[in-house]
Amino acid sequence: MKPTLDITLAGIRMKNPVMVASGTFGYGPEYAELVDLNKLGAIVVKGISLEPWGGNRTPRMVEVPGGLINAIGLQNPGVKGFTEKYMPFLRNHDIAVIVNIWGKTIEEYTEVAARFDQVEGVHGLEINISCPNVKAGGSSFGTNLDSTAKLVAAVRARTRLPIIPKLAPNVSDIGAFAKVCEDNGADALSLINSFPAMAIDIETRKPVLANVSGGLSGPAIHPIAVKLVFEAAKAVKIPLIALGGITSAKDAIEFMIAGASAVAVGTANFTEPLTSLEVIDGIASYLARHKMKSVQDLVRSIRL
């Protein structure tokens, strides 16, 4: 009997547990000629703010051993621009659509969430809590427990959609941040976001990126991400979406054994756009080989 791959995560029905991560797949049309979107479990679209945002100055991306540092700066067309330009396209596909949202204040986050509550075809909201809180001196929402709690609770109060905070990795206790999100109304968690990093041109002795620093993603962070997923899974009961350096089915399966209910392929989309489809096939093969009836049998199955 063929193993079943379909899941329901935070009330969102998906044909399999494999997504594409925010910021690595555009809004869908950019990859549609290369990847059959209808085969994916979900697409997490590039971060959307209340109004259009131009992002950072260039250069804003650099390859490093084992990964990529980016400082795109969340460039996006805003809620209205995204809804008008991209949602008609996404509604024509059989795929769950999760919108990554961000703001500079709690008020901006909640207004974005409220507006998407009225948009047909949006199935959930991923909350990028790694953004700087301009009212708190620029510190990240996601590295302060109190700020995280207030932000998640405020967004929860403004939308009926499932909310999925995307956790920052650079915290002392990922379990504590996972738990405070759960306690304040999160339906699931996405982890991890990229790691703060920088690169220097030794000839000019200047930072490579115009923004000086950026976020490190790719295979280099995968083992760290696995540990953080494992720690978060011990702290909460809500489902986890794991991302961080997935280049193969093995990486995805490792995340699921550690505690994730679903996974998201990110940086690999830049080098091999078909990675997500290969991961889906690889998970199915693994389940059959190990005589598992459902992908659910993998989740939190680590043997200690």
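The values are calculated or read from the model by the stated rules, or taken from the named source; none is laboratory data. Please read these numbers as outputs of a predicted model, since none were measured by experiment. Neighbour counts are summed over all protein chains in view; Cβ atoms, including those assigned to glycine, are modelled from backbone coordinates with ideal geometry.
For the subset of the range 152-167 comprising residues that are of a type in the set (Lys, Arg) and in contact (Cβ under 8 Å) with a residue 40 or more places away in the chain, which member is surrounded by the fewest Cβ atoms within 10 Å (Cβ to Cβ)?
Out of the qualifying residues, it is Arg160.
Give just the number: which of (1) over 23 Å from Asn100 (Cβ atoms); (2) in contact with a Ser or Thr (Cβ under 9 Å, 6 or more places away or on another chain); (3) not aromatic (Phe, Trp, Tyr) does Gly244 not satisfy?
The failed condition is (1).
Looking at Thr148, Thr159 in this structure, which one is assigned to a helix (DSSP H, G or I) and polar (S, T, N, Q)?
Of the residues listed, the single one that is assigned to a helix (DSSP H, G or I) and polar (S, T, N, Q) is Thr148.
Output the number of residues of the range 208-242 satisfying the condition of being among the polar types (S, T, N, Q) and assigned to a helix (DSSP H, G or I).
0
Pairs under 7 Å by beta carbon, first residue over 16 Å from Gln118 (Cβ atoms) in the range 76-88, partner charged (D, E, K, R), six or more apart or different chains?
Sorted first by the residue in the range 76-88, then by its partner, the pairs are Asn76/Lys46; Pro77/Lys85.
Go through the range 252-276 and give me each residue that's in contact with a strand residue (DSSP E or B) (Cβ under 8 Å, 6 or more places away or on another chain), crowded, with 18+ Cβ neighbours inside 10 Å and in a helix (DSSP H, G or I).
Ala252, Phe255, Met256, Ala258, Asn269, Thr275, Ser276
For Val62, work out the one condition from (1) surrounded by 16 or more Cβ atoms within 10 Å (Cβ to Cβ); (2) at pLDDT 95 or above; (3) over 17 Å from the mean Cα position of the chain (by Cα); (4) closer than 27 Å to Arg158 by Cα it doesn't fulfil.
(4)
Here is a list: Val35, Val45. Which entry is closer than 30 Å to Leu298 by Cα, of a type in the set (A, V, I, L, M), assigned to a loop (DSSP other than H, G, I, E, B) and touching a residue at least 40 places away in the same chain (Cβ under 8 Å)?
Val35
One residue is enough: does the range 143-166 have a residue meeting the conditions in contact with a Leu (Cβ under 8 Å, 6 or more places away or on another chain), modelled with pLDDT under 95 and not aromatic (Phe, Trp, Tyr)?
The answer is no, given that none of the residues of the range 143-166 is in contact with a Leu (Cβ under 8 Å, 6 or more places away or on another chain), modelled with pLDDT under 95 and not aromatic (Phe, Trp, Tyr).
Mind checking which residues of the range 11-22 are touching a Ser or Thr at 6+ places or on another chain (Cβ under 9 Å) and in a loop (DSSP other than H, G, I, E, B)? Spell out the reasoning first.
Here is the first cut: in the range 11-22, the residues touching a Ser or Thr at 6+ places or on another chain (Cβ under 9 Å) are 14, 17-22.
If the condition is that a residue be touching a Ser or Thr at 6+ places or on another chain (Cβ under 9 Å) and in a loop (DSSP other than H, G, I, E, B), then Pro17, Ala21, Ser22 are the ones that fit.
Give the residue, chosen from Glu120, Glu126, that is in contact with a Lys or Arg (Cβ under 8 Å, 6 or more places away or on another chain), surrounded by fewer than 19 Cβ atoms within 10 Å (Cβ to Cβ) and in contact (Cβ under 8 Å) with a residue 24 or more places away in the chain. Give the steps one after another, and end with the answer.
Details: Glu126 fails: surrounded by fewer than 19 Cβ atoms within 10 Å (Cβ to Cβ).
After ruling out the rest, the residue left standing is Glu120.
Of the conditions (1) in a strand (DSSP E or B); (2) closer than 17 Å to Gly121 by Cα, Ile69 satisfies every one except a single condition; which number is it?
(2)
Determine whether the range 94-112 contains at least one residue that is within 20 Å of Pro162 (Cβ to Cβ), of a type in the set (Ser, Thr, Tyr) and over 17 Å from the mean Cα position of the chain (by Cα).
yes
Among the candidates Lys46, Lys2, single out the residue that is within 23 Å of Asn92 (Cβ to Cβ) and touching a helix residue (DSSP H, G or I) at 6+ places or on another chain (Cβ under 9 Å).
Result of the check over Lys46, Lys2: Lys46.
Could we say that Val62 is of a type in the set (Val, Ile, Thr), assigned to a loop (DSSP other than H, G, I, E, B) and out of contact with any Asp or Glu (no Cβ under 6 Å at 6 or more places or on another chain) here?
Values: of a type in the set (Val, Ile, Thr): yes; assigned to a loop (DSSP other than H, G, I, E, B): no; out of contact with any Asp or Glu (no Cβ under 6 Å at 6 or more places or on another chain): yes.
No: the conditions fail for Val62.
Assuming Tyr86 fulfils every condition listed in (1) within 29 Å of Thr8 (Cα to Cα); (2) at pLDDT below 95 apart from one, which condition is it?
If we test Tyr86 against (1) within 29 Å of Thr8 (Cα to Cα); (2) at pLDDT below 95, just (2) comes out false.
What residue, among those in the range 3-34 that are of a type in the set (A, V, I, L, M) and under 22 Å from Gln75 (Cβ atoms), is surrounded by the fewest Cβ atoms within 10 Å (Cβ to Cβ)?
Of everything passing the filter in the range 3-34, Leu34 is surrounded by the fewest Cβ atoms within 10 Å (Cβ to Cβ).
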